[in-house]
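Below is one structure, written out as structure tokens; comments come after it.
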Amino acid sequence: MAGPYEPQIGEVPPHVAAARARYHAGLPASYRPWRHLAAPFVCGAAVIAGCVACLEGPALKDMVVVPAMWIFSIALEWRFHRDLLHRRVAPLQLLYDKHTVSHHSLYVDGAMEIGSARDFRSILFPWWALPALAAALGPPALLVGLVFGGDVGRLFLATGVFYVMVYEALHLTYHLRPSHPLRRLPGVERLAQHHARHHDPRRMQRENLGVTSTLWDRLRGTMAR
Ligand SMILES: [Zn+2]
Ligand SMILES: [Zn+2]
């Protein structure tokens, strides 16, 4: 009987190569990868610019919402990844299918690289995800604004949207070739390795669930050893 699969850097296991062939065969001809990549950043930049333009002059204490929202987002991302991307929960089965079934079958530890821009579709959220998330953040931002002041609400919304942009940029970077210049930015290679270990099929359900940070994996004891 064959032993457990041990990834070799650069080796694409046959079942991953087969999954990639199926994925490429199913890609719609109308798919525009660079338009898809631009969507979250253009839309996110517009939301943040709108929030900043409406600021009335936040006090220093109001700025506390920025790190607070960032840490809250790290926690939320960890939980979202564990409970919605790796568990099939109605009516959000699509999230599980896109992430656990598709994304994790196309990239495994040792074979993390995309082949071309057309593979963006297998990494990025759908183009409508960031506008939808920004809209979902609207009511809580309004509530935060009512309780702590309008500027705090606007900073809450801008930070949440910026977090999603960082998530998308980092996740895509982890799936670029290791020699890519973006991988040399401070801390990025370490996070890419963290994410690669999450792509080990034996670990993906419960370890290295943080994508933008290892903080919540450390706090929750889900760091891969
Ligand atoms: Zn990934
Ligand atoms: Zn995952």
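The values are calculated or read from the model by the stated rules, or taken from the named source; none is laboratory data. Keep in mind that this is a model prediction, so the values were computed, not measured. Don't worry about glycine lacking a Cβ; one is built from the backbone with ideal geometry, like all the others, and counts go over all protein chains shown. These area figures cover heavy atoms from the full protein model, side chains too; ligands, DNA and RNA do not enter into them. Shrake-Rupley method; radii C 1.70, N 1.55, O 1.52, S 1.80 Å.
Things worth noting here:
- Comparison of Gly153, Gly221 shows that the only residue that is buried (at least 21 other Cβ atoms within 10 Å of the Cβ) and not polar (S, T, N, Q) is Gly153.
- Some residue of region 159-180 being in contact with a Pro (Cβ under 7 Å, 6 or more places away or on another chain), within 16 Å of ligand 2 (Cβ to nearest atom) and open to solvent by less than 50 Å² (accessible area, probe 1.4 Å): yes
- Being touching a helix residue (DSSP H, G or I) at 6+ places or on another chain (Cβ under 8 Å), small (Gly, Ala, Ser) and either away from ligand 1 (no atom under 15 Å from the Cβ) or under 23 Å from Arg183 (Cβ atoms) (or both) is a condition met by at least one residue of region 89-111.
Quick grid of which residues meet (1) surrounded by 13 or more Cβ atoms within 10 Å (Cβ to Cβ); (2) in contact (Cβ under 8 Å) with a residue 24 or more places away in the chain:
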position	(1), (2)
Ala18	no, no
Val52	no, yes
Pro91	no, no
Ile114	yes, yes
Asp119	yes, yes
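- Pro40 in contact with a helix residue (DSSP H, G or I) (Cβ under 6 Å, 6 or more places away or on another chain) and open to solvent by less than 40 Å² (accessible area, probe 1.4 Å): yes
- For Leu55: the one exception among (1) in a helix (DSSP H, G or I); (2) touching a Leu at 6+ places or on another chain (Cβ under 8 Å); (3) not basic (Lys, Arg): (1)
- Only residues that are under 19 Å from Pro33 (Cβ atoms), within 16 Å of ligand 2 (Cβ to nearest atom) and not in a helix (DSSP H, G or I) were counted across region 90-113, and they come to 2.
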